[in-house]
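Shown next, in structure tokens, is the structure this report addresses.
Every read-out reported here was derived from the displayed coordinates using simple, explicitly stated rules and does not represent laboratory data. Bear in mind the structure is a predicted one, so any value in this text is a computation, not a measurement. Virtual Cβ from ideal backbone geometry, glycine too; neighbours counted across all protein chains shown.
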Amino acid sequence: MVHHQNKAIREGDNPDLTAERVTGTFDTHSMAAQIYNSEAHARRRREITEIIAKRPELHDTKPFPFMTREEKILESSRKLTLITKHMNEIIEPNNSNEMFHLNNEVLGIEGHPMALHGIMFIPALTAQASEEQQKKWLTRAINREIVGTYAQTELGHGTNLQNLETTATYDVATQEFVLHTPTITGLKWWPGNLGKSSNYAVVVALMFIKGKNYGPHTFMVPLRDEKTHQPLKGITIGDIGPKIAYNVTDNGFLGFDHYRIPRTNLLMRHTRVEPDGTYVKPPHAKINYSAMVHVRSHMITGQAIMLSYALTIATRYSSVRRQGQIDTTQPEVKVLEYQTQQHRLFPYIARAYAFVFAGAETVKLYERVLEEVATGNVSLMADLHALTSGLKSVVSHYTAQGIEQARMACGGHGYSQASYMSEIFGVAVGGCTYEGENMVMLLQLARYLVKSASLVKTGQSSKLGPLVAYLGAKSDSTSLIDRTPTTGFAEYVKTFQHIARRQTLKAADKFFGLMEKGEKRPIAWNKSSVELNRASRLHTRLYIVEAFVRRVEEVADPRLKEVLTDLLHLHVNYELLDMSTYALEDGFVSSSQLDYVRDQLYFYLAKIRPNAVSLVDSWEFSDQELRSVLGRRDGHVYENLFAWAKASPLNKTDVLPSVDKYLKPLMESARASKL
Ligand SMILES: CCCCCCCC/C=C\CCCCCCCCCC(=O)SCCNC(=O)CCNC(=O)[C@H](O)C(C)(C)COP(=O)(O)OP(=O)(O)OC[C@H]1O[C@@H](n2cnc3c(N)ncnc32)[C@H](O)[C@@H]1OP(=O)(O)O
Ligand SMILES: Cc1cc2nc3c(=O)[nH]c(=O)nc-3n(C[C@H](O)[C@H](O)[C@H](O)COP(=O)(O)OP(=O)(O)OC[C@H]3O[C@@H](n4cnc5c(N)ncnc54)[C@H](O)[C@@H]3O)c2cc1C
């Protein structure tokens, strides 16, 4: 038996796909260890996949696209109950990475009845509830004795939290908060699993004490009777209806009618209200936004995984799909041979790797900040907020674009739900909106960049934090890409720094200039906001490149290092071409340098070609996790597409009731009228 570098090879696979795997130059298990940030976790993922493969009760009973929403929710609840019961036989207790993988394999990406429970409810209680409150609720939440969600967004307001309408008014006499929804637009709207599954929620409401508005605060609120699951008196609650995707998650609405909760249900780790109504303010005004920062930090990896699902499907399929000839004397080629197909897919493969490396750094920073905040040190909160605001926006934007490219790369079959592309796209693109609409979050980063620009302009560059230190540096007069014998990544990084610095300082100049001309600050801000968001994007893309460079520098295995270096070359050249307007407009990069960059791009497309399938295989998604006929590991696409179509509910009978009822009579009457 030959041992190949690509560990996905099996006997009996489509030979076209096997041929791709044989050319792989690196060990895909080792690459998985890079992707999942540790050899141990990559191994555990494989072990968990194997355990699940041997337990048919954890498999889908039929393809998701053939189920109604109700069936999907029922099926998801069945499997959720099983994995909750048997969790300790499958994953290490309380290992959130393993839990994430288990969920993706068994429950899939369309959500499940406890999605928000793990992603936001528990993190909110962990970060914001006092020790005493945690004893009361957190243990019960972890044990799944209660199911919760995070209810912040309302019908009328999601972005502007200061203008939420739900109020929590403190009643000193009874030591209770009275939750109230004064209008239709004040209904909570969107919280995942609120509609039908949760019996508790961390609710965000404007807190009023003795007539004074203290702004948004978080409260632990019982919603449903723990025994009957009926809504409690004073609560109006339900599902908001089907969405583009994520339809196994019951996003919900919620209204309060003068609904009372004890004072001690205000989450009081950092903020307190004493029985007499005295308010004790937190060490940082936005400390209770932590559940949002938790998701923003983790969703970078989540988005990279979605992008990689689509790329795995498209790259494998492109290796078995033959269409047309390049040399007319030769047989039809795999569509992956076309340069246009490579150009469509490979730069996104590079981006997916870049995103997962940036995501790992973000989670590390998040965990550090979480620990520091727990001890009262809030000094890094602003940096983390700026970083995650930019990353969640840039990564979700390019992820959605990449998935759409991958779908189109699959031709007509990409449009069939057998490919699963539409669901992957629908789920991923939600990330452009949830946890802060992308434009809004880019503007949050822009505030940080403008403050940093102001330090540069006032000669205080030494006070710049590490993430923005480059803003205080001086650029060379032109980029040295292709002008030095060894154009390494450092020249590219310098070029990206120049582009981001110039745009940031220019946008800040515009903003400050408008104010000097007499515009009020918010008006000047609005009139500069497109330019400011451009700066935020360029700054974030620079960060992503730097994270990629840092990772490649760390890799010791020469085979991995070589292919990751190729990917990084592809990435920096593609990114530079994509933002070439900024590079050309002040002559920092010349058009002849861009020709070099273009040549480099084509060179690396060709160099990556033999490793393309191995690069996507390295994500080690099982067929159960991918849920795509086109993306099957074995490459046997056509026979399985036919089987899939035959299994369509419409094919249960040869003649549909709609034909009997309408089409047959219509045709019969048409025929009769001809007689
Ligand atoms: C592998 C491990 C497993 C882990 C599991 C996780 C897996 C994750 C993977 C995939 C994820 C899939 C999950 C899918 C589920 C979907 C869940 C979606 C849930 C939601 O959408 S919840 C609702 C989210 N809502 C929002 O995000 C609203 C957006 N709006 C805001 O955040 C704020 O309103 C605002 C930030 C825009 C403005 O706030 P506001 O209070 O009005 O601000 P100002 O008073 O103007 O002050 C601005 C000032 O504050 C600073 N600041 C703001 N936020 C923070 C913060 N969080 N931290 C620190 N500082 C903050 C800001 O920088 C300004 O500072 P300045 O004045 O400039 O100094
Ligand atoms: C799949 C999904 C799951 C969700 N889950 C939850 C959940 O579990 N819990 C929860 O509480 N919420 C949840 N949400 C709600 C989500 O967080 C909000 O929809 C999101 O924060 C955007 O707010 P919005 O809908 O008010 O958009 P809006 O703010 O109304 O955005 C509309 C447009 O206005 C622009 N805009 C708004 N304000 C500004 C500004 N200041 N400057 C410039 N442009 C601006 C935006 O850029 C956008 O183009 C979910 C949403 C989705 C799609």
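Return the tail of the calculated pair distribution for region 499-607, meaning the percent of Cα-Cα pairs more than 22 Å apart. Display every interim value, and only then the final one.
Values: 2818 of 5886 pairs.
Within region 499-607, distances greater than 22 Å cover 48 percent of Cα pairs.
Packing, as the average of other Cβ atoms within 10 Å across residues, places the peptides 355-362, 436-443, 332-339, 56-63 in the order 355-362, 436-443, 332-339, 56-63, highest first. Each Cα pair under 8 Å and six or more residues apart adds its separation to the average, and for region 146-282 the resulting relative contact order is 27 percent. For region 36-113, the dipole from Cβ point charges (+1 on Lys and Arg, -1 on Asp and Glu) about the Cα centre works out to 60 debye, to the nearest 20. Since only G211, P231, T174 are under comparison, the one whose Cα sits farthest along the positive direction of the charge dipole of region 164-244, derived from C-beta charges on Lys, Arg, Asp and Glu, is P231.
Over 46 Å, how big is the tail of the calculated P(r) for the chain, in percent of all Cα pairs?
Numbers: 56253 of 227475 pairs.
The share of Cα pairs beyond 46 Å in the chain comes to 25 percent.
Annotation: amide H-H contacts under 5 Å for E154 (H modelled 1.01 Å from N, sequence separation of 5 or more, or interchain): W189.
Taking the charge dipole of the chain about its Cα centre, with +1 at Lys and Arg Cβ atoms and -1 at Asp and Glu Cβ atoms, the residue from S319, H397, N533 reaching farthest to the positive side is N533.
Ranking request for peptides 310-321, 530-541, 489-500: highest mean number of other beta-carbon atoms within 10 Å first, then the rest in descending order.
Numbers: 310-321: 27.4, 530-541: 22.8, 489-500: 21.3.
Highest-to-lowest ranking by the protection proxy: 310-321, 530-541, 489-500.
At q = 0.13, 0.23, 0.30 Å⁻¹, what log₁₀ I(q)/I(0) does region 422-465 have when each alpha carbon counts as one equal point scatterer in the Debye sum? So the normalised log intensities are -0.46, -0.75, -0.94.
The mean sequence distance of close C-alpha pairs (under 8 Å, at least 6 residues apart), as a share of the length of region 5-85, puts its relative contact order at 18 percent. In summary, the aspartates and glutamates within cross-link reach of K227, defined as a Cα separation below 13 angstrom excluding same-chain residues under 8 places away, comprise E145. The aspartates and glutamates whose alpha-carbon is closer than 14 Å to the alpha-carbon of K72, local same-chain residues fewer than 8 away aside, are D60, E110, D250, E423.
So if R0 is 60 Å, what FRET efficiency would R447 and S673 give, r being the distance between their Cβ atoms, rounded to the nearest 0.05? Efficiency for this residue pair is about 0.25.
The stretch between D276 and E332, if pulled fully straight at 0.36 nm per residue, gains 12.1 nm over its current Cα-Cα span. How many nm is it between the label spots at D257 and A374, if each spot is 7 Å from the Cα in line with the beta carbon? The two pseudo-label positions are separated by 4.3 nm.
Rg and Dmax of region 146-282, based on Cα coordinates, read 14.6, 47 Å.
Counting only helical runs of four or more DSSP H residues, what would the 222 nm mean residue ellipticity of the chain come to if each run contributes -39,500 (n - 2.57) and the total is spread over all its residues? Calculated from helices alone, the mean residue ellipticity at 222 nm is -16500 deg cm²/dmol. In this structure, the residue pairs whose Cα-Cα separation is over 23 Å, taken from K7/K561; K54/K561; K85/K196; K474/K510; K62/K646; K212/K286, are K54/K561. In terms of overall dimensions, the C-alpha atoms belonging to region 36-113 reach 39, 22, 22 Å along their principal axes, ordered largest to smallest.
Under the simplified labelling scheme, the N160-S38 pair shows an inter-label distance of 4.5 nm, with each label point 7 Å from Cα along Cα→Cβ.
Can you work out the FRET efficiency for the pair R322 and N95, with r the C-beta to C-beta distance and R0 = 45 Å, to the nearest 0.05? Mind dumping the intermediate values first?
On the way: r = 43 Å, r/R0 = 0.96.
Plugging the Cβ-Cβ distance into 1/(1 + (r/R0)^6) gives 0.55.
Packing around the peptides 156-166, 552-562, taken as the average count of other Cβ atoms within 10 Å per residue, puts them in this order, highest first: 156-166, 552-562. The mean sequence distance of close C-alpha pairs (under 8 Å, at least 6 residues apart), as a share of the length of the chain, puts its relative contact order at 15 percent. For the pair A19 and T61, label points projected 7 Å from Cα toward Cβ lie 4.3 nm apart. Here the dipole of region 146-282 is about 220 debye; that uses its Cα centre as origin and unit charges on the Cβ of Lys and Arg (positive) and Asp and Glu (negative).
If you place +1 on the Cβ of every Lys and Arg, -1 on the Cβ of every Asp and Glu, and leave all else neutral, what size is the dipole of the chain about its Cα centre, to the nearest 20 Debye? Spell out each step's value before the answer.
Details: 78 positive and 72 negative charges, 260 e Å.
Roughly 1240 debye, rounded to the nearest 20.
Given R₀ = 22 Å, what would the calculated FRET efficiency be for A53 paired with H4, taking r from the Cβ atoms and rounding to 0.05?
Working: r = 21 Å, r/R0 = 0.95.
It comes out at approximately 0.55.
May I ask which of K392/K506; K281/K457; K136/K392 have a Cα-Cα span longer than 29 Å here? Present the calculation step by step, with values, prior to reporting the outcome.
On the way: K392/K506 24 Å; K281/K457 34 Å; K136/K392 33 Å.
Pairs exceeding 29 Å: K281/K457; K136/K392.
Farthest towards the positive end of the charge dipole of the chain, among the residues V106, A606, L443, is the Cα of L443, using unit charges on the Cβ of Lys, Arg, Asp and Glu.
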